[in-house]
2 protein chains.
Amino acid sequence: MTLGEHLLRPRSVAIVGASDDLAKTTARPLRFLRHNGFGGTVYPVNPRRDTVLGEQAWPSLEALPEVPDHAFILAPTEGVPAAVRQCVALGVPLATVLAGGFGEEGEEGRAREAELQQILAGSRTRLLGPNSIGIVNTRTGLTLTANAAFAEPELPSGGVFVASHSGSMIGAILSRGIARGIGFAGFVSTGAELDLSLGEICEAVVDDPEVTGFALFLETIRHGGAIHRFARAAAERGKPVIAYKLGRSEQAAELAQSHTGAIAGEDGIADAFLKDLGIARVETIEGLVEGAALMPKVKPGLGRAPRVAVVTTTGGGAAMVVDQLGIRGVDVVAPSEATVAALAARDINAGHGRIVDLTLAGTRPAVMKAAIETLLAGPEYDMVVAVAGSSARFQPELLVPAIAEVGQAAAKPFAAFVAPDAPDALRQLTATGIACFRTPEACGDAIAAAFARRPCHALTKSALTGPERQLDEAEGYAELSRLGVPVAPHAVVTPDAQSASIPYPVAVKLLSADVLHKTELGGVVLGVNNDAELEAAADGIARDVPQAQPGLVVERLLVQSMTKGLGEVLLSFRRDPDAGPMVMLAAGGILAEIHKDRSLRMAPVDRETALAMISEVRALKALAGYRGRPRGDLDALADAIVALSQAGAHIVEAEINPLIVRKEGEGVTAVDAVVRIVEGNA
Amino acid sequence: MTLGEHLLRPRSVAIVGASDDLAKTTARPLRFLRHNGFGGTVYPVNPRRDTVLGEQAWPSLEALPEVPDHAFILAPTEGVPAAVRQCVALGVPLATVLAGGFGEEGEEGRAREAELQQILAGSRTRLLGPNSIGIVNTRTGLTLTANAAFAEPELPSGGVFVASHSGSMIGAILSRGIARGIGFAGFVSTGAELDLSLGEICEAVVDDPEVTGFALFLETIRHGGAIHRFARAAAERGKPVIAYKLGRSEQAAELAQSHTGAIAGEDGIADAFLKDLGIARVETIEGLVEGAALMPKVKPGLGRAPRVAVVTTTGGGAAMVVDQLGIRGVDVVAPSEATVAALAARDINAGHGRIVDLTLAGTRPAVMKAAIETLLAGPEYDMVVAVAGSSARFQPELLVPAIAEVGQAAAKPFAAFVAPDAPDALRQLTATGIACFRTPEACGDAIAAAFARRPCHALTKSALTGPERQLDEAEGYAELSRLGVPVAPHAVVTPDAQSASIPYPVAVKLLSADVLHKTELGGVVLGVNNDAELEAAADGIARDVPQAQPGLVVERLLVQSMTKGLGEVLLSFRRDPDAGPMVMLAAGGILAEIHKDRSLRMAPVDRETALAMISEVRALKALAGYRGRPRGDLDALADAIVALSQAGAHIVEAEINPLIVRKEGEGVTAVDAVVRIVEGNA
């Protein structure tokens, strides 16, 4: 059996610490399994009782007549190591630990975590948790969870498998699905991910024939490599992934010694990571629950703002959807002349605005159906959204079959929103597989997220590991030049130099791998125009720097051609510990930092992606002919982005700040750079 | 009787065009009135029938035994003028017109609109609509509407009166309220506002004893003066107003000939207008429905980011709320040491993070209650939010009474969010008056909107009207100086001038009220250092400008002291046709435009408000000591904002671009300005 089968289709499960007291959390898994008719063998393990909830109990795992496929350990924190040790000794392939107190809670917790890791090392036992509230397969009745929310009379099924860092949220998602008539294939709470991570679990079940897609509730990006492998596998199988991630509001962590981290922010990196993996990141919790149904028909990587038709019987309700789409960069466009004519040929007046408002006529099912069909056929549209009014509340039997018929037949993405509270209409539409939404916010959110996905980034070779070294500026330029990033002409001289081979004007800078902020130490002189000034500048640096930082000896100077341009940008490459290699383009200067005006992608990127990144940095409009201004060489900038993004496995981080953007046709030039490599692999 | 009484408490209503055919829209009002037990007299008017739906019908308004308080005219567009004419002739105090086709639809529509206006002129008849779907008072059974959504078996009552530009949305709000156990005092669809505007209607009912607050659904800000008067009246009576406004995504309209409009955008102006009126602007439709209950306890004008405690039994659910608050500028803060101690004294472990996570213990009502009470008592908090988990779904009888008891007793604002779908808990909490939310998005939205309200701006005298005139730059400076805005030293000379009384270096500029873009015409020379250069500059302008714009004669030049500073801003005053006098501060330069980095307020503003505006312009961080940079004179900037905001009634618009911000203590200086006034009133 595979890990995926142990997770979702175990033949036998043991519940270690199953309680006979119905009021206790530890009584829940057995109760839920029986209520939902789990077909496999269940072994309650309880050393103090002969029976549990009326079933035979076993004194220990060892006492069982077979090695179970999965042991759910409900013991308190202190009892966990012994229980896991027993699993390892018996060769139980999968153990889930409910208790917390490992790793997340101070030194003691970390010691416990280390103990568990030691117990597992080299064994065939895989561990889910600790702090996992369990796993559920709604098809088989496997309700191996202590989450009270699974006390539902019935668990509806569906194709989407829910994986969540948070244990309580699988319950919230379950109940919100039930309210909307949406069932799921299963649920897993991944807890502390001591062994099995969310990505690995999802990858393990990706081939389950009854899992058609995934919905993730993420606290943060952890074990990004595993998520990447899973996303790749899911993309190859055409099983879409949708994700809600906490932390949009977090203060951006100062992630690295460079500026990159500060400007990108943890959430910014996570956002780029998810989109580059082809994962639709929603920002509303109902977008996660309701949006999964939309994903299968939306292909990742449209590469431009999607164009959507909105057809309605209720102007106000439709306007809310238009607004929610608009603030998320989705264009709602009026039908083309040809489409207007095609509508007219079916006696439908398209009106004049962006919204096709059928008014009262649209409550007639045939009219709404004809309108949707015609709009779906319009080559100007990527998608059609129908917005229904009060008829959806009072007469779902009229509108629903019409919308469902045309929506199901549609080759293009199609979704519905109902302006009033209309739970029956939503349930009926959902049952036919139509993506439909209770709020305009979730509707706009899910549509925007579906189209914002990019094709899943290829897996890259892992970075080298080893002692790291910061290169000096000249070494950094050598690395950049090798990659194909243009750098300013420069020469290395000693402080007693009287001339340099670089044409004036030049900048003279302290050259040292140990100093990041040379300006603050008096280590930079700009606008040096002749040999005499060069000598003076070199003398000045040799004199000032040791005064500013005693002990620092000025041995070498960099003489660098002064470069003028239309603007400057910050271009960087770094290996994020969670998300992997990323390339960032940001507007130059202090305002870029204040506005967080930047674009991020997983590295490497192709030219098309580089151009998309340029269009995402708002300040770069100023270099793209904005209000008649001269154009910067954005083609050369795209080349530089592509080049830097292909940094070799030995490069840990490379930040060019600034990269000067010259006039169209004149290229770009790096005039300052910090590069860190893994030693000995350059 | 007052207008408010005619609107909400008519003794008699006539339904002109009432249909006997239940399938017809025009049969609805009578049906609804009877179903909901309206106690007043109802007169169906139908010239072709003796009875309508089993009741006596009257052939015309004239035939009625009395003049009704309110006539609801259901006639098609063509029949409206005659019906309204009859109302006027009879002195019917209030007529509502259902049909559209007035004003909004081309020339024909505008002609019909003019006809209606002419009919109404000088009469005592007030008109609701056209294109109004009617008005409802849930207390009295007045269901005078053709909106199908009012076919509810029961209309729950509440204190909040809903006014909407959109007719269909009153139905959507009604049904969404019913789903949540939220009733409303009444509903009005204001339609085209030919006579009665939304603001006037709300002001008219503000003293209705059963109306305790307002919820507005706005398509745009129309008739802003009336909304202002209403908001003022509501604020004086302590009746809070909450509003959802469409158009957050609209392309910013180029509203005026200056930059102000482009940077502010229609929605930006509306947003500032609503907040300055003390109106809580929400951005989710459920925030509107659910948020009204929160408003009474939140005082407008906190003037800083609110500090909120989040207490929960479910970490994931609480984290979603924290996120939704955080992205909207509401701080969730950990309890102070004193509060932690107070919690500990009641055996509650506050944990370590921002969230007070009671885990399983919190499902015990006494624990949750004690925790909420203790947090409410913490002086560090402006508000407490409780987040409940699955127990809210399965055992609302436990948690709800505990939360309700402490929430009702709270002097501070209090709200609840439930992570799972838990309609019973929400309904029960709602019934006790506790603000509670179904989604984390509506929760964060409503809380942020409630605290973002500012005290209602005082009503200002209306602007003067008359022929407008653009001042030349020197005249503009004179106006600014009178207001107390510092301007650069300058003199007016003729093109043959050989010197000026201004110390060098100076700028020399074409002086003409007719030319807005003098630089493009060659009308500006900067960095003029002596008399010879001045002469050359003047000659150059006199030569170049007429070439660039034939027919333009250069008669006068402005010689102006060159001013250096740390940065520059755009400061402007304008009278928005809808919102009234506004003052805007924006970062200077092209990036401000790209980033829409600005702050807007209704004028005039006080110093505190001016300082708040400065803190809202993100780029101005660079002048506030960001990363050790020198500080700009933000005090002087605040003074200039206050001064400009007090522009007299004759000033239509004044835009200073740029206003130079010098070093701390050195002041600010206007170096370019465009001022428009109403002629003859300067």
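Summary of values
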{"item": "Complete set of residues in the stretch B:208-233 that are over 11 Å from the mean Cα position of the chain (by Cα), under 15 Å from residue B:292 (Cα atoms) and either free of Cβ contacts under 8 Å to residues at least 60 places away in the same chain or open to solvent by less than 10 Å² (accessible area, probe 1.4 Å) (or both)", "result": "B:211, B:213, B:214, B:215"}
{"item": "From the options A:513, A:500, residue that is part of a loop (DSSP other than H, G, I, E, B), among the small types (Gly, Ala, Ser) and under 23 Å from residue A:655 (Cβ atoms)", "result": "A:513"}
{"item": "Evaluation of residue A:34 against (1) surrounded by fewer than 21 Cβ atoms within 10 Å (Cβ to Cβ); (2) at pLDDT 95 or above; (3) in contact with a helix residue (DSSP H, G or I) (Cβ under 9 Å, 6 or more places away or on another chain) (one fails), failing number", "result": "(3)"}
{"item": "Candidates B:459, B:480, filtered to the one that is outside any loop (DSSP other than H, G, I, E, B) and within 20 Å of residue B:609 (Cβ to Cβ)", "result": "B:480"}
{"item": "Positions within the stretch A:104-119 being open to solvent by 20 Å² or more (accessible area, probe 1.4 Å) and in contact (Cβ under 8 Å) with a residue 40 or more places away in the chain, in sequence order", "result": "A:104, A:113, A:117"}
{"item": "Residue that is most open to solvent (accessible area, probe 1.4 Å), among those in the stretch A:155-174 that are within 12 Å of chain B (Cβ to nearest Cβ) and of a type in the set (Gly, Ala, Ser)", "result": "A:168"}
{"item": "Hits in the stretch B:6-30 (condition: free of Cβ contacts under 8 Å to residues at least 60 places away in the same chain and among the charged types (D, E, K, R))", "result": "B:11, B:20, B:21, B:24"}
{"item": "Enumeration of residues in the stretch A:332-358 that are in a loop (DSSP other than H, G, I, E, B), under 40 Å from the mean Cα position of the chain (by Cα) and buried (at least 21 other Cβ atoms within 10 Å of the Cβ)", "result": "A:335, A:350, A:358"}
{"item": "Residue ID - farthest from the other protein chains (Cβ to nearest Cβ), chosen from residues in the stretch B:294-314 that are surrounded by 24 or more Cβ atoms within 10 Å (Cβ to Cβ) and part of a helix (DSSP H, G or I)", "result": "B:295"}
{"item": "The lone exception for residue A:645 - which of (1) out of contact with any Lys or Arg (no Cβ under 7 Å at 6 or more places or on another chain); (2) under 19 Å from residue A:482 (Cα atoms); (3) surrounded by fewer than 23 Cβ atoms within 10 Å (Cβ to Cβ); (4) touching a residue at least 60 places away in the same chain (Cβ under 8 Å) it fails", "result": "(3)"}
{"item": "Members of the stretch A:620-674 found to be small (Gly, Ala, Ser) and closer than 27 Å to residue A:576 by Cβ, listed by number", "result": "A:636, A:638, A:640, A:643, A:645, A:647, A:648, A:649, A:654, A:670, A:673"}
{"item": "Residue count for the stretch A:590-610, restricted to those that are surrounded by fewer than 18 Cβ atoms within 10 Å (Cβ to Cβ) and either at the interface with chain B (Cβ under 10 Å from one of its Cβ atoms) or not charged (D, E, K, R) (or both)", "result": "2"}
{"item": "Number of the exception - residue B:239 against (1) outside any loop (DSSP other than H, G, I, E, B); (2) open to solvent by 10 Å² or more (accessible area, probe 1.4 Å); (3) in contact with a Phe, Trp or Tyr (Cβ under 8 Å, 6 or more places away or on another chain)", "result": "(1)"}
{"item": "Pairs, first facing another protein chain (nearest Cβ under 9 Å) in the stretch B:616-628, second aromatic (Phe, Trp, Tyr) and not in a helix (DSSP H, G or I), C-beta under 6 Å, six or more apart", "result": "none"}
{"item": "Scan of the stretch B:335-360 for residues that are away from chain A (no Cβ under 14 Å) and hydroxyl-bearing (Ser, Thr, Tyr), ordered by number", "result": "B:336, B:339"}
{"item": "Where residue B:177 falls short, out of the listed (1) within 14 Å of chain A (Cβ to nearest Cβ); (2) open to solvent by less than 20 Å² (accessible area, probe 1.4 Å); (3) under 19 Å from the mean Cα position of the chain (by Cα)", "result": "(3)"}
{"item": "Residue list for the stretch B:409-445, restricted to those being open to solvent by 30 Å² or more (accessible area, probe 1.4 Å) and of a type in the set (Gly, Ala, Ser)", "result": "B:409, B:411, B:431, B:433"}
{"item": "Among residues of the stretch B:567-589, those that are more than 12 Å from every other protein chain (Cβ to nearest Cβ), open to solvent by 20 Å² or more (accessible area, probe 1.4 Å) and farther than 26 Å from residue B:465 by Cα, counted", "result": "1"}
{"item": "Qualifying residue in the stretch A:669-681 (condition: more than 30 Å from the chain's Cα centre (by Cα) and among the β-branched types (Val, Ile, Thr))", "result": "yes"}
{"item": "Sole residue being open to solvent by 70 Å² or more (accessible area, probe 1.4 Å) and either more than 30 Å from residue B:300 (Cα to Cα) or not small (Gly, Ala, Ser) (or both), chosen from B:492, B:515, B:508, B:487", "result": "B:492"}
{"item": "Qualifying residue in the stretch B:228-235 (condition: within 11 Å of chain A (Cβ to nearest Cβ) and of a type in the set (A, V, I, L, M))", "result": "no"}
{"item": "Hey, residue B:94 away from every other protein chain (no Cβ under 12 Å), crowded, with 24+ Cβ neighbours inside 10 Å and in contact (Cβ under 8 Å) with a residue 60 or more places away in the chain or not", "result": "yes"}
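Each row is one residue, and each column tells you yes or no for (1) aliphatic (A, V, I, L, M); (2) crowded, with 22+ Cβ neighbours inside 10 Å; (3) within 17 Å of residue B:135 (Cα to Cα).
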site	(1), (2), (3)
B:53	yes, no, no
B:62	no, no, no
B:66	no, no, no
B:70	no, yes, yes
B:73	yes, yes, yes
B:80	yes, yes, no
B:84	yes, yes, no
B:87	no, yes, no
B:98	yes, yes, yes
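The values are calculated or read from the model by the stated rules, or taken from the named source; none is laboratory data. These numbers were taken from a predicted model, which means no experiment stands behind them. FYI the Cβ positions are ideal-geometry reconstructions off the backbone, even for glycines, and counts take in every protein chain you see. The protein model used for the area step is the full one, side chains on, heavy atoms only, and it has no ligands, DNA or RNA in it. Shrake-Rupley method; radii C 1.70, N 1.55, O 1.52, S 1.80 Å.
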